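The values are calculated or read from the model by the stated rules, or taken from the named source; none is laboratory data. Computed from a predicted structure; not experimentally measured. Heads up, the Cβs are rebuilt from the backbone with ideal geometry, glycines too, and the neighbour counts pull from every protein chain shown. These accessible areas exclude ligands, DNA and RNA; they are computed on the full protein's heavy atoms, side chains included. Shrake-Rupley method; radii C 1.70, N 1.55, O 1.52, S 1.80 Å.
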There are 2 protein chains.
Amino acid sequence: MSKIFFENLEQSIQNIHLGLVVDCVIFTFHEQKMKVLLNKYVLNDKWMLPGGFIFKDEDVDAAAKRVLKERTGIDNVFLRQFHLFGKNDRVNIDEKIKLMENYGIASDKLPTFLNRFASMGYFSFVKFDEVNLIEKEDDIYQWFDLDAIPQLSYNHNEIINKAIKMIRIQFDYLPIGYQLLPKKFTIVELRKINEGILGIEVDKRNFRKKMLASNLIISLNEVRQTDPYPKPNLYKFNQETINELLDQET
Amino acid sequence: MSKIFFENLEQSIQNIHLGLVVDCVIFTFHEQKMKVLLNKYVLNDKWMLPGGFIFKDEDVDAAAKRVLKERTGIDNVFLRQFHLFGKNDRVNIDEKIKLMENYGIASDKLPTFLNRFASMGYFSFVKFDEVNLIEKEDDIYQWFDLDAIPQLSYNHNEIINKAIKMIRIQFDYLPIGYQLLPKKFTIVELRKINEGILGIEVDKRNFRKKMLASNLIISLNEVRQTDPYPKPNLYKFNQETINELLDQET
DNA sequence: CCAAAAGTGTTTCCGTTACACCCATGC
DNA sequence: GCATGGGTGTAACGGAAACACTTTTGG
(Lines give C-alpha, C1' and ligand atoms only; values in the text may rest on other atoms or scores of the structure.)
Protein backbone atom coordinates (compact mmCIF):
# COMPACT_ATOMS: atom_id res chain seq x y z
CA MET A 1 0.00 0.00 0.00
CA SER A 2 2.38 2.67 -1.18
CA LYS A 3 1.76 6.14 -2.49
CA ILE A 4 1.43 5.10 -6.10
CA PHE A 5 -1.08 2.47 -5.13
CA PHE A 6 -3.32 4.97 -3.42
CA GLU A 7 -3.00 7.63 -6.07
CA ASN A 8 -4.56 5.18 -8.50
CA LEU A 9 -6.69 3.35 -6.02
CA GLU A 10 -9.70 2.74 -8.21
CA GLN A 11 -7.59 1.41 -10.98
CA SER A 12 -5.20 -0.49 -8.73
CA ILE A 13 -8.07 -2.35 -7.19
CA GLN A 14 -9.16 -3.75 -10.53
CA ASN A 15 -5.94 -5.70 -10.76
CA ILE A 16 -5.69 -7.26 -7.33
CA HIS A 17 -6.98 -10.48 -5.92
CA LEU A 18 -9.53 -9.50 -3.28
CA GLY A 19 -9.70 -10.82 0.22
CA LEU A 20 -6.11 -11.93 0.63
CA VAL A 21 -2.69 -10.32 1.09
CA VAL A 22 0.77 -11.66 1.91
CA ASP A 23 3.04 -10.62 4.76
CA CYS A 24 6.68 -11.64 4.94
CA VAL A 25 8.81 -12.20 8.01
CA ILE A 26 12.28 -11.89 6.50
CA PHE A 27 15.13 -13.06 8.69
CA THR A 28 18.81 -12.44 8.25
CA PHE A 29 21.96 -12.99 10.30
CA HIS A 30 24.50 -10.24 10.79
CA GLU A 31 27.10 -9.44 13.44
CA GLN A 32 26.26 -12.63 15.32
CA LYS A 33 22.57 -11.78 15.63
CA MET A 34 19.29 -12.78 14.04
CA LYS A 35 17.42 -9.85 12.54
CA VAL A 36 14.02 -9.17 10.96
CA LEU A 37 13.25 -6.71 8.19
CA LEU A 38 10.67 -4.05 8.96
CA ASN A 39 9.11 -1.37 6.86
CA LYS A 40 7.65 2.06 7.58
CA TYR A 41 5.63 4.41 5.45
CA VAL A 42 6.51 7.98 6.17
CA LEU A 43 2.83 8.68 6.69
CA ASN A 44 2.46 5.94 9.23
CA ASP A 45 3.92 6.15 12.71
CA LYS A 46 4.48 2.47 13.28
CA TRP A 47 6.77 -0.10 11.73
CA MET A 48 5.26 -3.09 10.00
CA LEU A 49 6.13 -6.24 8.09
CA PRO A 50 6.79 -5.99 4.37
CA GLY A 51 3.68 -7.21 2.62
CA GLY A 52 1.50 -6.64 -0.36
CA PHE A 53 -1.39 -7.50 -2.58
CA ILE A 54 -1.66 -10.43 -4.93
CA PHE A 55 -2.36 -9.68 -8.55
CA LYS A 56 -5.43 -11.22 -10.13
CA ASP A 57 -3.47 -13.60 -12.30
CA GLU A 58 -0.62 -14.26 -9.91
CA ASP A 59 0.08 -17.33 -7.76
CA VAL A 60 -0.05 -16.45 -4.10
CA ASP A 61 3.45 -17.84 -3.51
CA ALA A 62 4.65 -15.76 -6.44
CA ALA A 63 3.22 -12.63 -4.86
CA ALA A 64 5.25 -13.30 -1.72
CA LYS A 65 8.33 -13.80 -3.86
CA ARG A 66 7.68 -10.56 -5.66
CA VAL A 67 7.21 -8.62 -2.44
CA LEU A 68 10.50 -9.97 -1.21
CA LYS A 69 12.30 -9.19 -4.41
CA GLU A 70 10.92 -5.67 -4.52
CA ARG A 71 12.27 -5.01 -1.04
CA THR A 72 15.58 -6.86 -0.95
CA GLY A 73 16.49 -7.25 -4.59
CA ILE A 74 16.87 -10.97 -4.04
CA ASP A 75 15.54 -13.43 -6.55
CA ASN A 76 15.18 -17.11 -6.04
CA VAL A 77 14.62 -16.79 -2.37
CA PHE A 78 13.82 -19.33 0.33
CA LEU A 79 10.24 -18.67 1.35
CA ARG A 80 7.74 -20.78 3.24
CA GLN A 81 4.13 -20.35 4.27
CA PHE A 82 3.58 -20.65 7.98
CA HIS A 83 0.10 -19.40 8.90
CA LEU A 84 -2.96 -17.68 7.55
CA PHE A 85 -4.16 -14.83 9.73
CA GLY A 86 -7.85 -14.74 9.00
CA LYS A 87 -9.52 -13.09 11.95
CA ASN A 88 -12.39 -10.84 11.04
CA ASP A 89 -10.87 -8.05 13.05
CA ARG A 90 -12.11 -4.47 13.07
CA VAL A 91 -8.76 -3.20 14.32
CA ASN A 92 -6.99 -4.01 11.08
CA ILE A 93 -9.70 -2.36 9.04
CA ASP A 94 -9.60 0.74 11.23
CA GLU A 95 -5.84 1.03 10.78
CA LYS A 96 -6.30 0.72 7.04
CA ILE A 97 -8.88 3.50 7.02
CA LYS A 98 -6.54 5.73 9.02
CA LEU A 99 -3.73 5.13 6.55
CA MET A 100 -6.03 5.96 3.65
CA GLU A 101 -7.06 9.19 5.32
CA ASN A 102 -3.40 10.09 5.75
CA TYR A 103 -3.14 9.78 2.01
CA GLY A 104 -6.19 12.01 1.64
CA ILE A 105 -8.58 9.35 0.43
CA ALA A 106 -12.14 9.25 1.64
CA SER A 107 -12.61 5.96 3.44
CA ASP A 108 -16.10 5.32 2.17
CA LYS A 109 -15.05 5.40 -1.42
CA LEU A 110 -14.39 1.76 -2.05
CA PRO A 111 -16.37 -0.62 0.08
CA THR A 112 -14.81 -3.67 -1.56
CA PHE A 113 -11.40 -2.50 -0.51
CA LEU A 114 -12.51 -2.04 3.07
CA ASN A 115 -13.73 -5.55 3.51
CA ARG A 116 -11.50 -7.73 5.62
CA PHE A 117 -8.36 -9.05 3.90
CA ALA A 118 -6.91 -12.26 5.28
CA SER A 119 -3.14 -12.28 5.46
CA MET A 120 -0.98 -15.21 4.45
CA GLY A 121 2.22 -15.25 6.49
CA TYR A 122 5.52 -16.30 4.92
CA PHE A 123 8.91 -16.56 6.52
CA SER A 124 12.14 -16.23 4.63
CA PHE A 125 15.87 -16.41 5.31
CA VAL A 126 18.21 -14.21 3.31
CA LYS A 127 21.96 -13.67 3.27
CA PHE A 128 22.75 -10.24 4.67
CA ASP A 129 25.39 -9.52 2.05
CA GLU A 130 23.06 -10.21 -0.84
CA VAL A 131 20.41 -7.76 0.29
CA ASN A 132 20.08 -4.34 -1.25
CA LEU A 133 17.34 -2.60 0.63
CA ILE A 134 15.32 -0.71 -1.94
CA GLU A 135 13.84 2.43 -0.52
CA LYS A 136 11.36 4.77 -2.06
CA GLU A 137 10.59 8.29 -1.08
CA ASP A 138 7.76 7.43 1.29
CA ASP A 139 8.84 3.97 2.26
CA ILE A 140 11.83 2.99 4.42
CA TYR A 141 13.32 -0.33 5.52
CA GLN A 142 15.46 -1.39 8.44
CA TRP A 143 16.79 -4.54 10.10
CA PHE A 144 15.75 -5.03 13.73
CA ASP A 145 17.33 -7.40 16.21
CA LEU A 146 14.98 -10.24 16.96
CA ASP A 147 15.03 -9.33 20.63
CA ALA A 148 14.28 -5.65 19.98
CA ILE A 149 11.20 -5.54 17.80
CA PRO A 150 9.11 -2.42 18.46
CA GLN A 151 5.34 -2.34 18.62
CA LEU A 152 4.10 -2.85 15.08
CA SER A 153 1.01 -1.98 13.05
CA TYR A 154 -1.94 -4.34 12.76
CA ASN A 155 -1.27 -7.74 14.35
CA HIS A 156 2.28 -7.88 13.05
CA ASN A 157 3.92 -8.62 16.38
CA GLU A 158 1.70 -11.68 16.64
CA ILE A 159 2.71 -12.68 13.12
CA ILE A 160 6.42 -12.59 13.96
CA ASN A 161 5.91 -14.61 17.13
CA LYS A 162 3.92 -17.20 15.26
CA ALA A 163 6.61 -17.39 12.57
CA ILE A 164 9.24 -18.17 15.17
CA LYS A 165 7.03 -20.80 16.77
CA MET A 166 6.43 -22.49 13.44
CA ILE A 167 10.12 -22.37 12.54
CA ARG A 168 10.97 -24.07 15.84
CA ILE A 169 8.44 -26.81 15.17
CA GLN A 170 9.91 -27.44 11.71
CA PHE A 171 13.47 -26.73 12.76
CA ASP A 172 14.95 -30.11 11.87
CA TYR A 173 13.46 -29.93 8.39
CA LEU A 174 14.66 -26.46 7.47
CA PRO A 175 18.11 -25.69 6.03
CA ILE A 176 18.22 -22.44 7.98
CA GLY A 177 21.96 -21.94 8.24
CA TYR A 178 22.35 -22.70 4.59
CA GLN A 179 20.01 -19.89 3.67
CA LEU A 180 21.57 -17.36 6.04
CA LEU A 181 25.30 -17.88 5.75
CA PRO A 182 27.74 -17.16 2.92
CA LYS A 183 29.56 -19.96 1.13
CA LYS A 184 32.27 -20.03 3.78
CA PHE A 185 31.33 -19.72 7.41
CA THR A 186 32.46 -20.68 10.89
CA ILE A 187 30.88 -23.11 13.30
CA VAL A 188 30.38 -20.34 15.81
CA GLU A 189 28.21 -18.48 13.32
CA LEU A 190 26.13 -21.57 12.75
CA ARG A 191 25.73 -22.00 16.48
CA LYS A 192 24.67 -18.40 16.97
CA ILE A 193 21.92 -18.90 14.41
CA ASN A 194 20.65 -21.93 16.25
CA GLU A 195 20.69 -20.04 19.51
CA GLY A 196 18.94 -17.06 17.97
CA ILE A 197 16.11 -19.12 16.51
CA LEU A 198 15.64 -21.50 19.40
CA GLY A 199 16.12 -18.83 22.03
CA ILE A 200 18.48 -20.96 24.11
CA GLU A 201 22.22 -21.28 24.66
CA VAL A 202 23.97 -24.29 23.19
CA ASP A 203 27.14 -25.91 24.53
CA LYS A 204 29.84 -25.09 22.03
CA ARG A 205 31.78 -28.33 22.28
CA ASN A 206 28.70 -30.48 21.88
CA PHE A 207 27.42 -28.38 19.03
CA ARG A 208 30.68 -28.69 17.12
CA LYS A 209 30.74 -32.43 17.67
CA LYS A 210 27.18 -32.82 16.49
CA MET A 211 27.69 -30.73 13.36
CA LEU A 212 30.81 -32.65 12.40
CA ALA A 213 29.08 -35.97 13.05
CA SER A 214 26.10 -35.03 10.90
CA ASN A 215 27.25 -34.70 7.38
CA LEU A 216 25.76 -31.27 7.03
CA ILE A 217 29.04 -29.34 6.89
CA ILE A 218 32.50 -29.95 5.45
CA SER A 219 35.70 -28.40 6.75
CA LEU A 220 37.62 -26.28 4.26
CA ASN A 221 40.83 -26.60 6.32
CA GLU A 222 41.26 -22.91 5.94
CA VAL A 223 41.02 -20.09 8.48
CA ARG A 224 39.48 -16.69 8.11
CA GLN A 225 42.46 -14.32 7.90
CA THR A 226 40.44 -11.17 8.48
CA ASP A 227 39.67 -12.11 12.10
CA PRO A 228 41.98 -11.00 14.96
CA TYR A 229 43.26 -13.77 17.15
CA PRO A 230 41.90 -16.99 17.20
CA LYS A 231 41.35 -17.13 13.46
CA PRO A 232 38.39 -19.48 13.07
CA ASN A 233 38.28 -22.44 10.75
CA LEU A 234 35.96 -22.17 7.76
CA TYR A 235 33.36 -24.68 6.63
CA LYS A 236 30.99 -25.11 3.73
CA PHE A 237 27.65 -26.90 3.59
CA ASN A 238 27.36 -30.35 2.12
CA GLN A 239 25.12 -29.71 -0.84
CA GLU A 240 23.86 -33.30 -0.96
CA THR A 241 22.57 -33.22 2.60
CA ILE A 242 20.94 -29.85 1.98
CA ASN A 243 19.21 -31.18 -1.12
CA GLU A 244 17.87 -34.14 0.81
CA LEU A 245 16.41 -31.76 3.37
CA LEU A 246 14.80 -29.64 0.68
CA ASP A 247 13.35 -32.70 -1.03
CA GLN A 248 11.74 -34.09 2.10
CA GLU A 249 10.18 -30.83 2.93
CA THR A 250 8.42 -30.13 -0.33
CA MET B 1 -21.22 -25.41 -3.27
CA SER B 2 -24.44 -27.26 -2.78
CA LYS B 3 -27.76 -27.04 -4.53
CA ILE B 4 -29.17 -24.38 -2.25
CA PHE B 5 -26.08 -22.27 -2.75
CA PHE B 6 -26.47 -22.30 -6.50
CA GLU B 7 -30.21 -21.79 -6.50
CA ASN B 8 -29.59 -18.48 -4.79
CA LEU B 9 -26.25 -17.77 -6.34
CA GLU B 10 -26.58 -14.03 -6.74
CA GLN B 11 -27.70 -13.61 -3.20
CA SER B 12 -25.31 -16.16 -1.76
CA ILE B 13 -22.40 -14.36 -3.26
CA GLN B 14 -23.21 -11.17 -1.38
CA ASN B 15 -22.48 -12.90 1.89
CA ILE B 16 -19.22 -14.63 1.19
CA HIS B 17 -15.65 -13.54 1.56
CA LEU B 18 -14.26 -13.44 -1.96
CA GLY B 19 -11.02 -14.96 -3.10
CA LEU B 20 -10.63 -17.62 -0.43
CA VAL B 21 -12.22 -20.93 0.53
CA VAL B 22 -11.37 -23.64 3.03
CA ASP B 23 -10.82 -27.33 2.36
CA CYS B 24 -10.64 -29.89 5.13
CA VAL B 25 -8.72 -33.14 5.21
CA ILE B 26 -10.59 -34.99 7.95
CA PHE B 27 -8.89 -38.09 9.28
CA THR B 28 -10.35 -40.80 11.42
CA PHE B 29 -9.26 -44.23 12.64
CA HIS B 30 -11.52 -47.23 12.33
CA GLU B 31 -10.97 -50.96 12.11
CA GLN B 32 -7.23 -50.53 12.49
CA LYS B 33 -6.95 -48.15 9.56
CA MET B 34 -6.54 -44.44 8.94
CA LYS B 35 -9.33 -43.00 6.82
CA VAL B 36 -10.18 -39.71 5.12
CA LEU B 37 -13.62 -38.21 4.63
CA LEU B 38 -14.64 -37.48 1.05
CA ASN B 39 -17.66 -35.83 -0.42
CA LYS B 40 -19.50 -36.13 -3.70
CA TYR B 41 -22.23 -34.06 -5.26
CA VAL B 42 -24.62 -36.20 -7.17
CA LEU B 43 -24.15 -33.93 -10.17
CA ASN B 44 -20.39 -34.31 -10.08
CA ASP B 45 -18.65 -37.51 -11.09
CA LYS B 46 -15.63 -37.20 -8.87
CA TRP B 47 -15.10 -37.27 -5.13
CA MET B 48 -13.65 -34.25 -3.40
CA LEU B 49 -12.65 -32.89 -0.02
CA PRO B 50 -15.28 -31.28 2.15
CA GLY B 51 -14.86 -27.55 1.85
CA GLY B 52 -16.73 -24.32 1.69
CA PHE B 53 -16.91 -20.59 1.57
CA ILE B 54 -16.10 -18.16 4.33
CA PHE B 55 -18.80 -15.71 5.32
CA LYS B 56 -18.01 -12.02 5.12
CA ASP B 57 -17.95 -11.54 8.86
CA GLU B 58 -16.51 -14.93 9.80
CA ASP B 59 -12.99 -15.81 10.94
CA VAL B 60 -11.33 -18.14 8.46
CA ASP B 61 -10.62 -20.72 11.14
CA ALA B 62 -14.25 -20.52 12.19
CA ALA B 63 -15.35 -21.26 8.63
CA ALA B 64 -13.28 -24.44 8.66
CA LYS B 65 -14.85 -25.39 11.99
CA ARG B 66 -18.30 -24.77 10.60
CA VAL B 67 -17.64 -26.86 7.50
CA LEU B 68 -16.49 -29.67 9.70
CA LYS B 69 -19.44 -29.41 12.01
CA GLU B 70 -21.92 -29.31 9.12
CA ARG B 71 -20.48 -32.56 7.78
CA THR B 72 -19.68 -34.58 10.89
CA GLY B 73 -21.85 -33.04 13.54
CA ILE B 74 -18.76 -32.58 15.71
CA ASP B 75 -18.25 -29.40 17.62
CA ASN B 76 -15.07 -28.37 19.30
CA VAL B 77 -12.91 -30.18 16.88
CA PHE B 78 -9.14 -30.41 16.49
CA LEU B 79 -8.30 -28.48 13.35
CA ARG B 80 -5.03 -27.07 12.05
CA GLN B 81 -4.00 -25.05 9.02
CA PHE B 82 -1.35 -26.73 6.94
CA HIS B 83 -1.03 -25.00 3.56
CA LEU B 84 -2.59 -22.39 1.33
CA PHE B 85 -3.15 -23.57 -2.20
CA GLY B 86 -2.97 -20.38 -4.19
CA LYS B 87 -2.04 -21.32 -7.72
CA ASN B 88 -3.75 -19.28 -10.37
CA ASP B 89 -4.91 -22.41 -12.09
CA ARG B 90 -7.36 -22.51 -14.99
CA VAL B 91 -8.21 -26.14 -14.32
CA ASN B 92 -9.95 -25.35 -11.04
CA ILE B 93 -11.96 -22.58 -12.67
CA ASP B 94 -12.95 -24.84 -15.55
CA GLU B 95 -14.16 -27.50 -13.13
CA LYS B 96 -16.17 -24.90 -11.30
CA ILE B 97 -17.80 -23.74 -14.53
CA LYS B 98 -18.67 -27.29 -15.41
CA LEU B 99 -20.30 -27.84 -12.04
CA MET B 100 -22.31 -24.65 -12.45
CA GLU B 101 -23.51 -25.78 -15.83
CA ASN B 102 -24.60 -29.08 -14.30
CA TYR B 103 -26.77 -26.99 -12.02
CA GLY B 104 -28.11 -25.14 -15.04
CA ILE B 105 -26.41 -21.83 -14.36
CA ALA B 106 -24.87 -19.80 -17.13
CA SER B 107 -21.17 -19.53 -16.42
CA ASP B 108 -20.80 -15.95 -17.58
CA LYS B 109 -23.32 -14.68 -15.11
CA LEU B 110 -21.10 -13.75 -12.22
CA PRO B 111 -17.59 -12.82 -13.19
CA THR B 112 -16.59 -12.16 -9.57
CA PHE B 113 -17.46 -15.69 -8.67
CA LEU B 114 -15.38 -17.06 -11.49
CA ASN B 115 -12.19 -15.38 -10.40
CA ARG B 116 -9.67 -17.67 -8.82
CA PHE B 117 -10.34 -18.65 -5.21
CA ALA B 118 -7.32 -19.62 -3.15
CA SER B 119 -7.93 -22.58 -0.87
CA MET B 120 -6.76 -22.79 2.72
CA GLY B 121 -6.08 -26.39 3.69
CA TYR B 122 -6.93 -27.67 7.16
CA PHE B 123 -6.39 -31.09 8.61
CA SER B 124 -8.45 -32.54 11.39
CA PHE B 125 -8.63 -35.71 13.46
CA VAL B 126 -12.00 -36.96 14.64
CA LYS B 127 -13.16 -39.94 16.68
CA PHE B 128 -15.03 -42.33 14.41
CA ASP B 129 -17.73 -43.03 16.98
CA GLU B 130 -18.56 -39.37 17.43
CA VAL B 131 -19.17 -38.73 13.75
CA ASN B 132 -22.66 -38.56 12.33
CA LEU B 133 -22.26 -38.09 8.63
CA ILE B 134 -24.89 -35.62 7.61
CA GLU B 135 -26.06 -36.21 4.08
CA LYS B 136 -28.32 -34.11 1.94
CA GLU B 137 -30.22 -35.14 -1.12
CA ASP B 138 -27.53 -34.12 -3.58
CA ASP B 139 -24.51 -34.50 -1.37
CA ILE B 140 -23.00 -37.72 -0.05
CA TYR B 141 -20.12 -38.56 2.27
CA GLN B 142 -17.90 -41.56 2.72
CA TRP B 143 -14.75 -42.63 4.56
CA PHE B 144 -11.91 -43.82 2.34
CA ASP B 145 -8.86 -45.78 3.42
CA LEU B 146 -5.79 -43.60 3.26
CA ASP B 147 -4.18 -46.04 0.85
CA ALA B 148 -7.21 -46.18 -1.45
CA ILE B 149 -8.06 -42.59 -2.30
CA PRO B 150 -9.60 -42.31 -5.78
CA GLN B 151 -8.83 -39.57 -8.24
CA LEU B 152 -10.43 -36.41 -6.89
CA SER B 153 -11.74 -33.13 -8.28
CA TYR B 154 -9.58 -30.04 -8.56
CA ASN B 155 -6.15 -30.49 -6.97
CA HIS B 156 -7.56 -32.38 -4.02
CA ASN B 157 -5.22 -35.36 -4.28
CA GLU B 158 -2.33 -32.95 -3.98
CA ILE B 159 -3.97 -31.37 -0.94
CA ILE B 160 -4.24 -34.70 0.86
CA ASN B 161 -0.63 -35.58 0.12
CA LYS B 162 0.55 -32.24 1.39
CA ALA B 163 -1.54 -32.64 4.54
CA ILE B 164 0.17 -35.93 5.30
CA LYS B 165 3.59 -34.43 4.67
CA MET B 166 2.91 -31.54 7.00
CA ILE B 167 1.52 -33.85 9.68
CA ARG B 168 4.68 -35.93 9.51
CA ILE B 169 6.84 -32.83 9.91
CA GLN B 170 4.86 -31.74 12.96
CA PHE B 171 4.28 -35.26 14.23
CA ASP B 172 5.97 -34.88 17.60
CA TYR B 173 3.94 -31.79 18.38
CA LEU B 174 0.52 -33.15 17.54
CA PRO B 175 -1.65 -35.16 19.95
CA ILE B 176 -2.88 -37.32 17.11
CA GLY B 177 -3.82 -40.46 19.00
CA TYR B 178 -5.62 -38.41 21.58
CA GLN B 179 -7.85 -36.92 18.92
CA LEU B 180 -8.57 -40.18 17.19
CA LEU B 181 -9.10 -42.71 19.94
CA PRO B 182 -11.90 -43.13 22.46
CA LYS B 183 -11.27 -42.67 26.19
CA LYS B 184 -10.09 -46.26 26.53
CA PHE B 185 -7.84 -47.75 23.90
CA THR B 186 -5.16 -50.35 23.37
CA ILE B 187 -1.49 -49.85 22.61
CA VAL B 188 -1.90 -51.72 19.36
CA GLU B 189 -4.44 -49.15 18.19
CA LEU B 190 -2.07 -46.35 19.03
CA ARG B 191 0.68 -48.08 17.12
CA LYS B 192 -1.52 -48.61 14.07
CA ILE B 193 -2.23 -44.88 13.99
CA ASN B 194 1.48 -44.11 14.05
CA GLU B 195 2.08 -46.59 11.27
CA GLY B 196 -0.79 -45.22 9.21
CA ILE B 197 0.39 -41.63 9.43
CA LEU B 198 4.10 -42.26 9.07
CA GLY B 199 3.63 -44.94 6.41
CA ILE B 200 6.08 -47.32 8.06
CA GLU B 201 5.96 -50.38 10.30
CA VAL B 202 6.95 -49.96 13.91
CA ASP B 203 8.41 -52.69 16.14
CA LYS B 204 5.70 -53.51 18.61
CA ARG B 205 7.94 -54.20 21.58
CA ASN B 206 9.91 -51.02 21.17
CA PHE B 207 6.77 -49.02 20.64
CA ARG B 208 5.16 -50.32 23.79
CA LYS B 209 8.30 -49.62 25.78
CA LYS B 210 8.53 -46.10 24.44
CA MET B 211 4.90 -45.29 25.14
CA LEU B 212 5.10 -46.56 28.68
CA ALA B 213 8.35 -44.67 29.29
CA SER B 214 6.87 -41.41 28.01
CA ASN B 215 4.14 -40.34 30.32
CA LEU B 216 1.66 -39.99 27.53
CA ILE B 217 -0.51 -42.94 28.49
CA ILE B 218 -1.63 -44.57 31.72
CA SER B 219 -2.60 -48.22 32.10
CA LEU B 220 -6.14 -48.85 33.30
CA ASN B 221 -5.24 -52.40 34.41
CA GLU B 222 -8.34 -53.57 32.68
CA VAL B 223 -8.81 -55.66 29.56
CA ARG B 224 -11.31 -55.24 26.77
CA GLN B 225 -13.78 -58.06 27.30
CA THR B 226 -15.37 -57.77 23.88
CA ASP B 227 -12.25 -59.00 22.09
CA PRO B 228 -11.72 -62.74 21.39
CA TYR B 229 -8.51 -64.20 22.68
CA PRO B 230 -5.80 -62.26 23.75
CA LYS B 231 -7.94 -59.63 25.42
CA PRO B 232 -5.84 -56.49 25.20
CA ASN B 233 -5.07 -54.21 28.09
CA LEU B 234 -6.70 -50.78 28.04
CA TYR B 235 -5.01 -47.43 28.52
CA LYS B 236 -6.06 -43.81 28.79
CA PHE B 237 -4.16 -40.67 27.87
CA ASN B 238 -2.42 -38.60 30.50
CA GLN B 239 -4.34 -35.36 30.23
CA GLU B 240 -1.47 -33.30 31.64
CA THR B 241 0.97 -34.42 28.98
CA ILE B 242 -1.61 -33.78 26.29
CA ASN B 243 -2.24 -30.28 27.60
CA GLU B 244 1.48 -29.53 27.54
CA LEU B 245 1.59 -30.59 23.91
CA LEU B 246 -1.37 -28.42 23.03
CA ASP B 247 0.13 -25.43 24.82
CA GLN B 248 3.48 -25.64 23.05
CA GLU B 249 1.87 -25.85 19.71
CA THR B 250 -0.34 -22.80 19.86
C1' DC C 1 -4.58 -78.64 15.59
C1' DC C 2 -3.64 -74.45 13.77
C1' DA C 3 -4.22 -69.54 12.68
C1' DA C 4 -4.61 -65.20 14.91
C1' DA C 5 -3.23 -61.51 17.88
C1' DA C 6 -1.24 -59.52 22.29
C1' DG C 7 2.25 -59.65 25.38
C1' DT C 8 7.02 -59.99 27.04
C1' DG C 9 13.27 -58.74 27.96
C1' DT C 10 17.78 -58.21 26.78
C1' DT C 11 21.63 -56.45 24.46
C1' DT C 12 23.92 -53.34 21.46
C1' DC C 13 24.59 -49.02 19.75
C1' DC C 14 24.63 -44.25 19.16
C1' DG C 15 23.45 -39.69 20.06
C1' DT C 16 23.12 -36.31 24.07
C1' DT C 17 24.77 -34.13 27.99
C1' DA C 18 27.83 -32.27 31.25
C1' DC C 19 31.97 -30.19 32.10
C1' DA C 20 37.20 -26.95 32.27
C1' DC C 21 41.36 -25.44 30.35
C1' DC C 22 44.63 -23.61 26.62
C1' DC C 23 46.30 -20.35 23.57
C1' DA C 24 47.75 -16.14 20.91
C1' DT C 25 46.45 -11.61 19.92
C1' DG C 26 45.25 -6.73 20.73
C1' DC C 27 44.55 -3.33 23.87
C1' DG D 1 49.02 -8.43 31.90
C1' DC D 2 44.53 -9.28 30.99
C1' DA D 3 40.27 -9.60 28.40
C1' DT D 4 38.68 -11.82 24.23
C1' DG D 5 37.15 -15.68 21.70
C1' DG D 6 37.91 -20.14 19.23
C1' DG D 7 39.34 -24.62 19.94
C1' DT D 8 39.71 -29.12 22.28
C1' DG D 9 38.25 -34.62 24.92
C1' DT D 10 36.11 -37.78 27.95
C1' DA D 11 32.85 -40.16 30.69
C1' DA D 12 28.06 -41.22 32.03
C1' DC D 13 23.60 -41.59 30.62
C1' DG D 14 19.49 -42.64 28.16
C1' DG D 15 16.77 -43.38 24.27
C1' DA D 16 16.56 -46.26 19.89
C1' DA D 17 16.97 -50.43 17.41
C1' DA D 18 17.25 -55.22 16.69
C1' DC D 19 15.36 -59.48 17.65
C1' DA D 20 11.88 -64.60 18.86
C1' DC D 21 8.87 -67.03 21.61
C1' DT D 22 4.63 -67.81 24.58
C1' DT D 23 -0.14 -67.88 25.31
C1' DT D 24 -5.14 -69.18 24.56
C1' DT D 25 -9.13 -68.82 22.11
C1' DG D 26 -12.07 -69.78 18.02
C1' DG D 27 -12.67 -72.12 14.01
Out of everything in the stretch B:211-243 that is exposed (fewer than 13 other Cβ atoms within 10 Å of the Cβ) and not in a loop (DSSP other than H, G, I, E, B), what residue ends up being nearest to the other protein chains (Cβ to nearest Cβ)?
B:Asn243
Only one of (1) open to solvent by less than 30 Å² (accessible area, probe 1.4 Å); (2) modelled with pLDDT of 95 or more; (3) more than 14 Å from chain A (Cβ to nearest Cβ) does not apply to B:Val21, and that is (3)
Go over the candidates A:Ile193, A:Ile169, A:Ile187 one by one and state the one that is within 14 Å of DNA strand C (Cβ to nearest atom), modelled with pLDDT of 95 or more and buried (at least 16 other Cβ atoms within 10 Å of the Cβ).
A:Ile187
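Residues in the stretch A:5-17: is at least one at positive phi, open to solvent by less than 10 Å² (accessible area, probe 1.4 Å) and modelled with pLDDT under 95? Reasoning before the result, please.
Filtering the stretch A:5-17 down to residues at positive phi leaves none.
No; the residues of the stretch A:5-17 include none that is at positive phi, open to solvent by less than 10 Å² (accessible area, probe 1.4 Å) and modelled with pLDDT under 95.
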Suppose we filter the stretch A:50-101 for residues that are over 19 Å from the mean Cα position of the chain (by Cα) and either part of a strand (DSSP E or B) or within 11 Å of chain B (Cβ to nearest Cβ) (or both); how many remain?
9
Give the number of residues within the stretch A:196-210 that are hydrophobic (A, V, I, L, M, F, W, C), more than 9 Å from DNA strand C (Cβ to nearest atom) and open to solvent by less than 40 Å² (accessible area, probe 1.4 Å).
1
I'm trying to understand the selection: among the residues of the stretch B:140-198, which are within 16 Å of DNA strand D (Cβ to nearest atom) and touching a Gly at 6+ places or on another chain (Cβ under 9 Å)?
B:Arg168, B:Leu190, B:Asn194
Cβ-Cβ distance below 7 Å, separation of 6 or more or different chains: which pairs start in the stretch A:55-82 with a residue that is in the same structural domain as A:Asp129 (by TED's automatic domain parsing) and end on one that is open to solvent by 20 Å² or more (accessible area, probe 1.4 Å) and aromatic (Phe, Trp, Tyr)?
A:Ala63/A:Phe55
So which residues in the stretch B:126-164 are surrounded by 18 or more Cβ atoms within 10 Å (Cβ to Cβ) and of a type in the set (A, V, I, L, M), if there are any at all?
B:Val126, B:Val131, B:Leu152, B:Ile159, B:Ile160, B:Ala163, B:Ile164
Does the stretch A:200-216 contain at least one residue that is within 13 Å of DNA strand D (Cβ to nearest atom), more than 30 Å from A:Asn161 (Cα to Cα), in contact (Cβ under 8 Å) with a residue 12 or more places away in the chain and charged (D, E, K, R)?
no
Only unsatisfied item for B:Leu181, checking (1) out of contact with any helix residue (DSSP H, G or I) (no Cβ under 7 Å at 6 or more places or on another chain); (2) closer than 26 Å to B:Gly121 by Cα; (3) within 16 Å of DNA strand C (Cβ to nearest atom), is (1)
Of residues in the stretch A:30-48 being open to solvent by 30 Å² or more (accessible area, probe 1.4 Å) and part of a strand (DSSP E or B), the one nearest to A:Asn92 (Cα to Cα)
A:Trp47
Please list, ordered by first then second residue, the pairs with beta carbon atoms under 6 Å, 6 or more apart or interchain, first in the stretch A:128-144 and over 23 Å from A:Leu180 (Cβ atoms), second open to solvent by less than 40 Å² (accessible area, probe 1.4 Å) and part of a loop (DSSP other than H, G, I, E, B).
A:Asp139/A:Ser2
